[in-house]
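See structure below.
The values are calculated or read from the model by the stated rules, or taken from the named source; none is laboratory data. The shown structure was predicted, so the numbers you read here are calculated from the model rather than taken from an experiment. Don't worry about glycine lacking a Cβ; one is built from the backbone with ideal geometry, like all the others, and counts go over all protein chains shown. Heads up: the accessible areas ignore ligands, DNA and RNA and are worked out on the full protein's heavy atoms, side chains in. Shrake-Rupley method; radii C 1.70, N 1.55, O 1.52, S 1.80 Å.
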Number of protein chains: 2
Amino acid sequence: MIPTFSLGKAEEKRLNEEYELFIVGGGPAGLSAGIYAIRAGLDAVIVEKTLAGGLVSEDPLIENYLGFESIEGEKLSKNFRNHALKYINIISNVEVLDIKKIDDRFFISLSTGQTVKSKAVIMATGTTHKKLGIKGEEEYLGKGVSYCVTCDAYFFKNKKVAVIGGGNSGAIAALYLKSVNVEPTVLEFMPKYMCEKAYQDQLKNNKINYIMNAQVMEIYGNGEKVIGLKYRDRSSNKEYDLKVDGVFIYVGLIPQTQSIKSLGINLDSRGYIITDKKCRTNVKNFYGAGDVTGDSGQIIISAGQGAVAALSAYEDLRLK
Amino acid sequence: MIPTFSLGKAEEKRLNEEYELFIVGGGPAGLSAGIYAIRAGLDAVIVEKTLAGGLVSEDPLIENYLGFESIEGEKLSKNFRNHALKYINIISNVEVLDIKKIDDRFFISLSTGQTVKSKAVIMATGTTHKKLGIKGEEEYLGKGVSYCVTCDAYFFKNKKVAVIGGGNSGAIAALYLKSVNVEPTVLEFMPKYMCEKAYQDQLKNNKINYIMNAQVMEIYGNGEKVIGLKYRDRSSNKEYDLKVDGVFIYVGLIPQTQSIKSLGINLDSRGYIITDKKCRTNVKNFYGAGDVTGDSGQIIISAGQGAVAALSAYEDLRLK
């Protein structure tokens, strides 16, 4: 499941047996938390399932993070990573499988087999892409079905694709596809634009087809690769066929909270961690920051919350 | 009070009679709010008392804003301003004197004599420097007494100065002074370091004198300029004399809420605006973001809150 070279890399930068603060996740929230934690003098570490930087790297272009007028997600994500690495040890490609609390210590079980103790934990695990759950989605994953335009747009140059989901992320995906000579059609379930005005304008300027009221029923192919999809117009109830070589799915996100099931952290109805203004949860010395709290959805908000969580941890561990 | 050329400038970029969203203050919170508001399609404007960018420009060096490893405050502040100007009209050098609410409209009275209406207001006015209230402080303002090292360090090259207040901002001020060949002594009221570990280490590395338990009693001069100060050691109760040519005061901040006195916004005991997680206050369609809420104190947190406030305003004005 985890490639050997990564495991090896992680072991080069060894984890201690115990920390004051353990940060799970190396997206904007986790990295900002790391900078603030170390600067405050806490003994802290970040453990990240894949590569630090978060889903930021999947964003083709970011224009709303104050201070950067326009920057590729991959570049900004690298900026973030390098900034945090000036301060904090980041263990990449290691997954947190389970967190338990015994007395006043958290016990964090990792995919390496190791268990690390910590006085406090910041959960900054973010979200993963939601699946549609329709026919063909799983069968054609990697054969035309994708959840990431920056990763896969390349394969569809001069071809037609569908983007399922017309919210901000779907709109950004479509604009990116267009900019690299892929011809996208956006399919939105709701009867109106679900993205910011700025994106609506850009979609129109780029003459990108945005079909509303569209419920996608099935993705189909020739056994080897995707060749089209079927959708239903929810107002007329008519079925339509769309010939495409690729399908990019942007229908939402799922908070990553599998590892904290036994901790008894309060989650909201959608599964997001409930925090107060200071990023504290119902469990003492356990904090939530970024997309996993459902209060963010924006890089700048996540980065701010990471700082808040680290300062709360500092306050709770050192000043109380 | 307001120089004519600024008034003229502000009038060049005319204010409309009415907006959907009026943002008071052009620091990180206000600018980030502006970017998000316009991108969401709201008709919004920023009005700033001095120059947009906020107190950021007074910070010699910023190293904890995720994405910028190390940048001068003045540069970052300019980045912020230019980024926001791509989207939103910023009226500089105009002060908001009073905000009233009649029915569902806010009436915002400006120092230009104009009154502007708006459906919603984001208050992002930040804080001003707290004064010590001791003898000599007012008398020698601009004659050795200052609240801003980046503005005034220049005048004290190769001279000795005192920095009153040893929290983060005082520590940063002292480090900056040292780096430009001014010899600072930090005077801290409390019996311990009041700044982050990272700054403590840098103060020590730079052999900067940090006197704890020091209550400054008086700043004195020769009538023309500062020549020293008197402080009391709170543990021994002994009085000391410190010969300095300058005194930089970093003893805290005061939230700027004068203009909203008649609105009935809930403030905490220190005068900060009370907001919920979504930056909403007790008054409908009135939001607080950044330092004026007392929940920030950090640039990255303020920028995040600005985005939160704008998204809340969008939700309340357009989706409800």
Practice problem: Between copies, how far apart are the A:G252 label points? List them in nm, one decimal, shortest first, with each point 7 Å from Cα toward Cβ, please? | Solution: 4.7
Quiz item: Looking only at GluC sites (Glu not before Pro) in DSSP loops with at most 10 other Cβ atoms within 10 Å, what is the longest site-free stretch of chain B?
Solution: B:18-223
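If R0 is 25 Å, what FRET efficiency do you get for A:L51 and B:E63 from their C-beta distance, rounded to 0.05?
Details: r = 23 Å, r/R0 = 0.94.
After rounding, the FRET efficiency stands at 0.60.
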Quiz item: Can you list residues whose amide H is under 5 Å from B:I227's amide H, if they're 5+ apart or on another chain and H is modeled 1.01 Å from N?
Solution: B:Y220, B:G221, B:N222
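Counting partner chain Cβ atoms within 10 Å of every residue's Cβ in A:269-281, what's the average?
On the way: counts 0, 0, 0, 0, 0, 0, 1, 2, 8, 2, 1, 0, 0.
Partner Cβ neighbours, averaged per residue: 1.
Output the relative contact order of chain B, whole-number percent, from Cα pairs under 8 angstrom with separation of 6+ residues. Let's see the in-between values first.
Details: 739 pairs, mean separation 65.9, N = 320.
Relative CO of chain B lands at 21 percent.
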Quiz item: So which residues of the range A:16-40 lose at least 50 Å² of accessible area, probe 1.4 Å, when you go from the chain by itself to every protein chain present?
Solution: A:Y36, A:R39
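Please go through the residue pairs A:K13/A:K130; A:K86/B:K204; B:K192/B:K277; B:K13/B:K130 and name each one whose alpha carbons sit more than 25 Å apart in this structure. Present the calculation step by step, with values, prior to reporting the outcome.
Working: A:K13/A:K130 33 Å; A:K86/B:K204 20 Å; B:K192/B:K277 33 Å; B:K13/B:K130 33 Å.
Long pairs (Cα-Cα over 25 Å): A:K13/A:K130; B:K192/B:K277; B:K13/B:K130.
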Quiz item: Of A:G223, A:V251, A:Y210, which is farthest on the positive side of the dipole of the range A:193-289, counting Cα position, with +1 on Lys and Arg Cβ, -1 on Asp and Glu Cβ, and the Cα centre as origin?
Solution: A:V251
Practice problem: Go ahead and set up a Gaussian network model of chain B, Cα springs under 10 Å, then flag whichever of B:A310, B:A289, B:A214 fluctuates most. | Solution: B:A214
Quiz item: Round to a whole number: what % of the accessible area of chain B belongs to carbon and sulfur, probe 1.4 Å?
Solution: 49 percent
Quiz item: How large is the accessible surface per residue of the protein assembly as shown, computed with a 1.4 Å probe and reported in Å² as a whole number?
Solution: 44 Å²
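Please identify every one of the trypsin sites (Lys or Arg not before Pro) in the range B:65-117 that sits in a loop by DSSP and has no more than 13 other beta carbons within 10 Å of its own beta carbon. Can you show the working numbers first?
Working: sites: B:K75, B:K78, B:R81, B:K86, B:K100, B:K101, B:R105, B:K117; in loops: B:K86.
Loop-located and lightly packed - B:K86.
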Practice problem: Between A:G54, A:G34, A:G223, find the one with the highest GNM mean-square fluctuation for chain A; connect C-alpha pairs within less than 10 Å. | Solution: A:G223
Exercise. Among DSSP beta bridges whose residues both lie in the protein assembly as shown, state the antiparallel percentage, nearest 5.
Key: 50 percent
Self-check item: Phi-based couplings in Hz for the range A:73-86 (Karplus 6.51, -1.76, 1.60; Gly and Pro marked x)
Solution: x, 5, 5, 5, 4, 5, 3, 4, 4, 5, 4, 5, 5, 5
Quiz prompt | Across the identical copies, how the B:M217 labels are spaced - nm, sorted shortest first, 7 Å along Cα→Cβ | solution = 8.9
Quiz item: Residues with beta-carbon under 15 Å from that of B:K78, excluding B:K78: net charge, scoring Lys, Arg +1 and Asp, Glu -1?
Solution: -3
Practice problem: Mind putting a number on the dipole of the protein assembly as shown about its Cα centre? Charges go on the C-beta only, +1 for Lys and Arg and -1 for Asp and Glu, and I need it in Debye to the nearest 20. | Solution: 240 debye
Exercise. Grab the Cα-Cα distance for B:E239 and B:K157, subtract it from 0.36 nm times how many residues apart they are, and report the gain in nm with one decimal.
Key: 26.8 nm
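Under 8 Å for C-alpha pairs, at least 6 residues apart: give me the relative contact order for the range B:145-249, rounded to a whole percent. Mind showing how you got there, number by number?
Numbers: 225 pairs, mean separation 31.9, N = 105.
It comes to 30 percent, rounded to a whole number.
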Practice problem: Could you tell me which of the pairs B:K143/B:K243; A:K78/A:K157; A:K135/A:K225; B:K160/B:K238; A:K157/A:K225 are separated by over 18 angstrom between their Cα atoms in the structure shown? | Solution: A:K78/A:K157; B:K160/B:K238
Quiz item: What does the charge count near A:E48 come to, summing +1 for each Lys or Arg and -1 for each Asp or Glu among other residues with Cβ under 11 Å from its Cβ?
Solution: +1
Quiz item: Can you list the HN-Hα couplings for the range A:254-270, worked out from phi with the Karplus curve (6.51, -1.76, 1.60; θ = phi - 60°), rounded to whole Hz and with x for Gly and Pro?
Solution: 10, x, 9, 10, 4, 6, 10, 4, 7, 7, x, 6, 5, 10, 7, 5, 8
Quiz item: When chain B is turned about an axis onto chain A, which of its residues keeps its C-beta closest to that axis, and how many Å is it?
Solution: B:G304, 1
Quiz item: So which residue, out of A:G252, A:G113, A:G297, gets the largest mean-square fluctuation from a GNM of chain A using Cα contacts under 10 Å as springs?
Solution: A:G113
Exercise. Select from the range B:205-269 those trypsin sites (Lys or Arg not before Pro) which occupy a DSSP coil region and have at most 16 other Cβ atoms within 10 Å, ordered by residue number.
Key: B:K207, B:K225, B:R234, B:K238
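Give the calculated FRET efficiency between B:E74 and B:N181 to the nearest 0.05, with a Förster radius of 22 Å applied to their Cβ-Cβ distance.
Numbers: r = 19 Å, r/R0 = 0.87.
E(calc), rounded to 0.05, equals 0.70.
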Self-check item: In Hz, Karplus ³J(HN,Hα) per residue of the range A:107-113 (6.51, -1.76, 1.60; θ = phi - 60°; x = Gly, Pro)
Solution: 10, 10, 8, 10, 5, 7, x
Practice problem: Be a star and scan the range A:48-79 for residues whose amide nitrogen sits under 20 Å from the point 7 Å along the Cα-to-Cβ vector of A:S109. | Solution: A:48-50
Practice problem: Report which residues of the range B:70-104 become buried by 10 Å² or more of accessible surface when going from the isolated chain to the complete set of protein chains (1.4 Å probe; DNA, RNA and ligands ignored). | Solution: B:N79, B:F80, B:N82, B:H83, B:K86, B:Y87
Exercise. For peptide B:300-312, compute the average count of partner chain beta-carbon atoms within 10 Å of each residue's beta-carbon.
Key: 6
Exercise. Could you state how much accessible area is buried at the A-B interface, both sides summed, with a 1.4 Å probe, in Å² to the nearest 100?
Key: 3700 Å²
Practice problem: Starting from the Cα of A:N82, step 7 Å along the direction of its Cβ; do the same at B:K131; then give the gap between the two resulting points in nm. | Solution: 4.6 nm
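Using Cα pairs under 8 angstrom and six or more residues apart, how large is the relative contact order of the range B:84-206, in percent?
Working: 129 pairs, mean separation 18.1, N = 123.
This gives 15 percent for the range B:84-206.
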Quiz item: How much of the DSSP beta bridge set in the range A:145-249 is antiparallel, as a percent to the nearest 5?
Solution: 45 percent
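How large is the dipole of the range A:145-249 about the Cα centre if only Lys and Arg carry +1 and Asp and Glu carry -1, each at its Cβ, rounded to the nearest 20 debye? Write out the running numbers ahead of the final one.
On the way: 14 positive and 11 negative charges, 47 e Å.
Once rounded to the nearest 20, the dipole reads 220 debye.
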